[in-house]
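*Asks:* Sharing a structure below in structure tokens format, with a few things to ask.
The values are calculated or read from the model by the stated rules, or taken from the named source; none is laboratory data. None of these values were measured; they are calculated from a predicted model. When we count neighbours, we look across all protein chains shown, and the Cβ atoms used for this are built from the backbone with ideal geometry, even at glycine.
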Amino acid sequence: MGTELVRRGVRWRKHGLLTDAERVQQLHAEYLAAGADVIRTNTFQLNPRIYLNVFRNRQHMRHIGAPGLEDLTPKLLRTSVRVARQARADAGREKRAAIAGVLAPLEHCFRPDLAPKFEQACPEQLELARVFAEEKVDLLLGESMNTIAEACAVAEAARTVGLPLWISFVIGPEGELLSREPLARAVAEVEKLGAQAVLVNCAPPSDIERALAKLKAVTRLPFGGFAHIGRFSPPSWKFEFFPQFGDTDSWPPERYAGEAARWRKKGATILGGCCGTTPAHIAALAQALELKREGVQTA
Amino acid sequence: MSYQAIGDKLRAGETVILDGAIGTEILRRNVTWADHQLASQPEFVRGIHEDYIRAGADVISTNSFQLCRRALFSHFRDEAHRRQIGAADLDHRADKLLAASVRLAIDARQRAATGRPVAVAAAITTLEWCFRPDLAPSPEQARSEYREIFQVVKDAGADLVLLETLNSISEARAALEVAKSLGLACWTSFVCDERGRLFTGETMPEMVAALEPLGVDAILLNCAPPGDINAGMKELLPHAHVATGAYAHIGRFDPPEWMFTDEYPPTRYLQVATTWKRMGARILGGCCGTTPDHIAALSSLRA
């Protein structure tokens, strides 16, 4: 969602949900039309910390910050679900496409060193999960989870609010979690806490492929993956994760779909695209998987 | 052009006009700031510099806030991760953009400055987030990173370094030492709170005592609302022997962007700056939220 909105020229402020909600909705509509069975809310890394972190402290935020920053996150989360729901209704897919409320690491997804401890993460993830539950998403997706502790906090939150949960881990260059914790242990931990599917994401296709083989070896849950394509091009400022990927041309839709079809053959049943992918990639993916469509979900 | 003409003015007790905001002005003109726009829309950035020069700025500052390798690299776990998923040009991108930011300001001066000396200040802030002194690197680490940054802007032709929105004495000292070892003129500007203290809680007299012996050319306060800057100037002015200055922000920080308000139109901002001048400040400009119209209003203070 994020990289595609930025690629389309949407200014990345408040996840586009205040100023460009109709364009976010339009993108959901395009993913549905491309054949996605599950659409994800545009809420990656959307939590109160991303605003608080750029001030000296809460008092400073109140002093020089725009009014309403403290209460902004739940408002944006609600909008994110509503635009997804509207896109689904417009497509006439209420019964046949699911909306996943996306939870993510509270700190930068690529900085496991900054991740909060389990006890800290639990109440904050729960606060987000509660909003998604009130807005009646169909499931929660913990995406790009970079430590076991925070993945467990997301799992606890899902259990508390009573929503089905998929957990997806960001994979580092070593083929384990970005934190270097073993993928096998991460899967075992979230499985114990009731995750209904495990995935890997936000790494290049070859890394995803290797990680999928690991998932297959360690779990009986449905598993899957969604790779990013191109190269992460961070902004020339600090702030939080900014979804900008360049050089994505080397991964046209057909090439990506070809990779994903191989993943399907190896047993992955949840397949989609991460940063850099577009509705055309999901359309190609859906088409490539068409013959073995039963039981395969595209996100 | 060198810093000479500006330094002479300050020594003679004259008022020097600094430019206004660049980052927020880019936003106000409906362009995203995420990439500083130095590579994609250089003429647009240059146009803003030109507007500030025409409005009366004696010193224009480069569009390089937070532009450094650390800012780019901090989006990755480590080098292995950056090589695995990062854009190919990241090793050199910050240096290239920094040099481009200086060259653009110099270009703007060539086009817009007529008969008046205008200095180009390389605007450099803290290595970590400007409002978070708790994140600052060690002084040794800071020195090594500032050395690289300052060498780039010096080679590109900057007349001085404007260290802005500083939050601690230790990082300011590290940066100032490096600037002086490279022979650069250097202004240090701090963000202050409503008590007139640095964000570490350090006081203005402590800061002045640490920086003046190292040869700082001017001490300023910036990136706080006018009321906080007033409080800071009251603390700073009785202790400073070098030239002092101020540039406040107006409006509200609405991360990652800026919220513009009409609380301080140019005439009202001029009144505030007039107070700072009466208190003894000699360098006056605008921080986030200010526009060329604000600087045009300030330019009447030069007389």
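*Asks:* From (1) surrounded by 22 or more Cβ atoms within 10 Å (Cβ to Cβ); (2) outside any loop (DSSP other than H, G, I, E, B), pick out the condition that doesn't hold for A:C109.
*Replies:* That leaves (2) as the condition not met.
*Asks:* Turning to a different aspect of this structure: Restricting to region A:112-138, give me the number of residues that are away from chain B (no Cβ under 14 Å) and either under 14 Å from the mean Cα position of the chain (by Cα) or surrounded by 23 or more Cβ atoms within 10 Å (Cβ to Cβ) (or both).
*Replies:* Quick first cut of region A:112-138, residues away from chain B (no Cβ under 14 Å) only: A:116-138.
Now restrict to residues that are either under 14 Å from the mean Cα position of the chain (by Cα) or surrounded by 23 or more Cβ atoms within 10 Å (Cβ to Cβ) (or both): A:121, A:125, A:128-129, A:132, A:137.
Number of matching residues: 6.
*Asks:* Out of region B:60-100, which residues are among the acidic types (D, E) and either within 17 Å of the chain's Cα centre (by Cα) or surrounded by fewer than 19 Cβ atoms within 10 Å (Cβ to Cβ) (or both)?
*Replies:* Across region B:60-100, the qualifying residues are B:D78, B:E79, B:D89, B:D91.
*Asks:* Sort out which residues of region B:195-209 are over 20 Å from the mean Cα position of the chain (by Cα) and buried (at least 16 other Cβ atoms within 10 Å of the Cβ), and write them in order of number.
*Replies:* Those that are over 20 Å from the mean Cα position of the chain (by Cα) and buried (at least 16 other Cβ atoms within 10 Å of the Cβ): B:E202, B:T203.
*Asks:* Considering region A:21-46 alone, what residues qualify as being part of a loop (DSSP other than H, G, I, E, B) and surrounded by 21 or more Cβ atoms within 10 Å (Cβ to Cβ)?
*Replies:* A:A36, A:T41, A:N42, A:T43, A:F44, A:Q45, A:L46
*Asks:* Cβ-Cβ below 8 Å, separation at least six or inter-chain, first residue in region B:45-62 and under 17 Å from B:Y3 (Cβ atoms) and assigned to a loop (DSSP other than H, G, I, E, B), second hydroxyl-bearing (S, T, Y) and at pLDDT 95 or above: which pairs?
*Replies:* B:A57/B:S299; B:T62/B:S101
*Asks:* When you go through A:L178, A:L103, A:L114 one by one, which is the residue that is among the hydrophobic types (A, V, I, L, M, F, W, C) and free of Cβ contacts under 8 Å to residues at least 12 places away in the same chain?
*Replies:* Of A:L178, A:L103, A:L114, the one residue that is among the hydrophobic types (A, V, I, L, M, F, W, C) and free of Cβ contacts under 8 Å to residues at least 12 places away in the same chain is A:L114.
*Asks:* Which condition from (1) within 21 Å of B:G196 (Cα to Cα); (2) crowded, with 17+ Cβ neighbours inside 10 Å; (3) out of contact with any helix residue (DSSP H, G or I) (no Cβ under 6 Å at 6 or more places or on another chain) is the one that B:Q271 breaks?
*Replies:* (2)
*Asks:* Output the residues belonging to region B:5-33 that are without any contact (Cβ under 8 Å) to a residue 60 or more places away in the chain and within 12 Å of chain A (Cβ to nearest Cβ).
*Replies:* B:I26, B:N30, B:V31, B:T32
*Asks:* State the number of residues belonging to region B:175-194 that are surrounded by fewer than 24 Cβ atoms within 10 Å (Cβ to Cβ), aliphatic (A, V, I, L, M) and closer than 18 Å to B:E140 by Cβ.
*Replies:* Residues meeting the conditions: 2.
*Asks:* Let me ask something additional. Taking B:F131 as meeting all but one of (1) within 14 Å of chain A (Cβ to nearest Cβ); (2) under 20 Å from B:Q37 (Cβ atoms), write down the number of the exception.
*Replies:* Single failed check for B:F131: (2).
*Asks:* Right, next: Any residue at all in region A:276-287 that is closer than 15 Å to A:Y31 by Cβ, within 14 Å of chain B (Cβ to nearest Cβ) and modelled with pLDDT of 95 or more?
*Replies:* Yes: one or more hits.
*Asks:* Of all residues being more than 7 Å from chain A (Cβ to nearest Cβ) and basic (K, R) in region B:48-89, which is farthest from B:Q141 (Cα to Cα)? Just the residue, please.
*Replies:* Out of the qualifying residues, it is B:R54.
*Asks:* Next question, about the same structure. Testing A:T43 on (1) farther than 24 Å from A:A98 by Cα; (2) touching a Ser or Thr at 6+ places or on another chain (Cβ under 8 Å), one condition comes back false. Which one is that?
*Replies:* Going through the list (1) farther than 24 Å from A:A98 by Cα; (2) touching a Ser or Thr at 6+ places or on another chain (Cβ under 8 Å), A:T43 breaks only (1).
*Asks:* While we're looking at this one, here's another question. Run B:V31 past the list (1) buried (at least 18 other Cβ atoms within 10 Å of the Cβ); (2) touching a helix residue (DSSP H, G or I) at 6+ places or on another chain (Cβ under 9 Å); (3) more than 19 Å from B:L298 (Cβ to Cβ) and report the number of the one that doesn't hold.
*Replies:* Result: B:V31 passes all but (1).
*Asks:* When only residues in region B:10-23 that are in a helix (DSSP H, G or I) and at pLDDT 95 or above count, which is farthest from B:T62 (Cα to Cα)?
*Replies:* Our first condition is that a residue be in a helix (DSSP H, G or I); within region B:10-23, this holds for B:10-11, B:23.
From what is left, the residues that are at pLDDT 95 or above are B:10-11.
Numbers: B:L10: 21, B:R11: 24 Å.
Among those that are in a helix (DSSP H, G or I) and at pLDDT 95 or above, it is B:R11.
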